[in-house]
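Q: Questions regarding the structure given below will be posed in turn.
The values are calculated or read from the model by the stated rules, or taken from the named source; none is laboratory data. In this text the structure is predicted, and so the values were computed from the model without any measurement. In this analysis, Cβ positions are derived from the backbone assuming ideal geometry, glycine residues included, and neighbour counts consider all displayed protein chains. These area figures cover heavy atoms from the full protein model, side chains too; ligands, DNA and RNA do not enter into them. Shrake-Rupley method; radii C 1.70, N 1.55, O 1.52, S 1.80 Å.
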Amino acid sequence: MGELMSVTAAWGPLSFRFDSPDETELAWVDAHLHVSTLSSSLLRRFAGVRSVRDDEQLGFLAARPSERGPVRIRDTWYRDVDGGRAWVTEQSGDLPAHAFVRHAHDRWSVVTAGGRRTPRLPEILLRALIVDELVRAGGVTLHAAAATNPSGTTVFCGDGGAGKSTLAVWFARSGGQLIAGDRTVVLPGGTAVGAAIAPRFGWGTVAALGATGRVRTARLVRPDAVRVDKVVLTQREIGDLIGVGTADAAEVDTFVHVVREPGPPVVERVSPREAPALLLRHRVPADAGWTAERDEAAHALALLAATRPVLRLRWDPRSHAAKDALARLREAR
């Protein structure tokens, strides 16, 4: 193994140090966790993550029987082979066989064999650790974008294709930051934290932001970044190509339920009685498969929805500009 190098960073409730002998892995992690604004209101726990190449250890873990049912971490299924201390998976697509191993004092290892290494693995683990801490704090994961500007912080909930990301970026362009493009964790006290450290933007959103040319011609960090229907950008690339800074978290001022339907933008207030069920309709599973969201988390979100303004925006993102929809929202507040 070569000499270990380190990068330190923080996100939401987690601060960490990542150690690796691979400069590409270090640059990858740094680009994904590069934010212009960090929340100072969240207590942080420290975690250490180390990238390790060890054929013998990986083979030993892979040969062990599963102790519990499989868990899903991000988009991959893992076997628990050591009572919640080691998760292992076989090669899947462009991901090599690997394991995530938990040691004492919040130290972790990303274990791979001696062959090809991919920097996506530490990113997957770090995102899971962040979400794990948020879930333990009573957070609820919503299918939602979130952003700040001088008027406050807005969480845009809605189905795919409703224009959440487009609205959030345009909202942030008025002197604010983007928190999340598609997944937002809301904590009981009202803090919104970005759950996706590598936001995915549909090409329709990129076009609406006037960034298609820049994104298409840029040399992106991720080799799998450009896909048929979307592009995956690091936090640093969002600033460079989309033109907005990013933040890890902020206190929520307003929730907006975004509905895609024909016609010009129309905004209406949602009653406190209807608001909790409306937001919970957009609840999605957390990315840390070994930790289940608490039953009381939904109740905490319902109480929050009853004390914050909740608006419903009906619009067609294909035929109307985001700035017009945001103007209607400003008028309704």
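Q: Going through the stretch 1-56, which GluC sites (Glu not before Pro) have at most 10 other Cβ atoms within 10 Å and a DSSP loop state?
A: Taking the stretch 1-56 and a limit of 10 other Cβ atoms within 10 Å, the loop GluC sites (Glu not before Pro) found are Glu3.
Q: Set the Förster distance to 25 Å, then compute FRET efficiency between Glu56 and Ser15 from the Cβ-Cβ distance, nearest 0.05.
A: Approximately 0.20, to the nearest 0.05.
Q: If you line up the Cα atoms of the stretch 238-324 on their principal axes, what length do they span on each, largest first, in Å?
A: Over the stretch 238-324, Cα extents along the principal axes are 40, 38, 22 Å.
Q: Return the percentage of antiparallel bridges among DSSP beta bridges fully within the stretch 1-148, rounded to the nearest 5 %.
A: 65 percent
Q: Relative to the longest principal axis of the chain, what angle (0 to 90°, nearest 10) does the C-alpha long axis of helix 120-136 take?
A: Between the helix axis and the principal axis of the chain, the angle is about 60 degrees.
Q: Give me, ordered by chain and number, the residues 5 or more places off Leu233 or on other chains with an amide H under 5 Å from its own placed amide H.
A: Sorted by chain and number, the residues that satisfy this are Phe201.
Q: A further question on this structure: What's log10 of I(q)/I(0) for the stretch 174-290 at q = 0.20, 0.23 Å⁻¹, Debye sum over Cα points only, no solvent?
A: One equal scatterer on each Cα of the stretch 174-290 leads to -1.29, -1.41.
Q: Also, quick follow-up: Select from the stretch 189-239 those trypsin sites (Lys or Arg not before Pro) which occupy a DSSP coil region and have at most 13 other Cβ atoms within 10 Å, ordered by residue number.
A: The qualifying sites are Arg219, Arg227.
Q: Determine the percent antiparallel among the DSSP beta bridges restricted to the chain, to the nearest 5.
A: Roughly 65 percent of the DSSP beta bridges within the chain come out antiparallel.
Q: Let me ask something else. In square nanometres and to one decimal, what's the mean projected area of the convex hull around the Cα atoms of the chain? Please list the in-between numbers first.
A: Working: hull surface 66.4 nm².
Result: a mean projected hull area of 16.6 nm².
Q: Using 0.36 nm times the number of residues separating Leu280 and Ala292, minus their current alpha carbon distance, what extension gain do you get?
A: Result: 2.7 nm gained on full extension.
Q: Rg to Rh ratio, the stretch 81-208, alpha-carbon atoms and Kirkwood radius?
A: We get a ratio of 1.05 for the stretch 81-208.
Q: Let me ask you something else. Search the structure for amide H atoms under 5 Å from the amide H of Leu4, placed 1.01 Å from N in the peptide plane, and list their residues when 5 or more places away or on another chain.
A: When sequence neighbours closer than 5 places are left aside, there are no close amide H contacts.
Q: Tell me, what ³J(HN,Hα) does each residue in the stretch 200-210 have, in order and in whole Hz, if you take phi through Karplus 6.51 cos²θ - 1.76 cosθ + 1.60 with θ = phi - 60° and put x for Gly and Pro?
A: Running phi through 6.51 cos²θ - 1.76 cosθ + 1.60 with θ = phi - 60° gives 10, 10, x, 5, x, 5, 4, 5, 5, 8, x Hz.
Q: Figure the gain on full extension for Asp94 and Leu4 (residue separation times 0.36 nm, minus the Cα-Cα span) and round it to one decimal in nm.
A: 29.9 nm
Q: Given the stretch 24-140 reduced to its alpha-carbon atoms as identical point scatterers, what log10 I(q)/I(0) does the Debye formula return at q = 0.12, 0.14, 0.15 Å⁻¹?
A: Summing over Cα pairs of the stretch 24-140 leads to -0.46, -0.62, -0.71.
Q: At Leu303 and Asp106, where each label point lies 7 Å from the Cα along Cα→Cβ, what is the point-to-point distance in nanometres?
A: With each label placed 7 Å out from Cα toward Cβ, I get 2.5 nm.
Q: So what is the 222 nm mean residue ellipticity for the chain from helices alone, if each DSSP H run of at least 4 adds -39500 (n - 2.57) and you divide by all residues, rounding to the nearest 500 deg cm²/dmol?
A: The per-residue figure over the chain is -7500 deg cm²/dmol.
Q: At 7 Å along Cα-to-Cβ for each site, give me the label-to-label distance between Thr24 and Arg333 in nm.
A: 4.5 nm
Q: Follow-up question, since we're still on this one. Assuming R0 = 56 Å, what is the FRET efficiency of Arg45 and Val259, from their Cβ-Cβ distance, to the nearest 0.05?
A: On the way: r = 38 Å, r/R0 = 0.68.
That pair, Arg45 with Val259, gives E of 0.90.
Q: Can you work out the FRET efficiency for the pair Asp159 and Lys323, with r the C-beta to C-beta distance and R0 = 30 Å, to the nearest 0.05?
A: So the FRET efficiency works out to roughly 0.85.
Q: Carbon-plus-sulfur fraction of the accessible area of the stretch 62-185, 1.4 Å probe, in percent?
A: Answer for the stretch 62-185 is 47 percent, counting heavy atoms of protein chains only.
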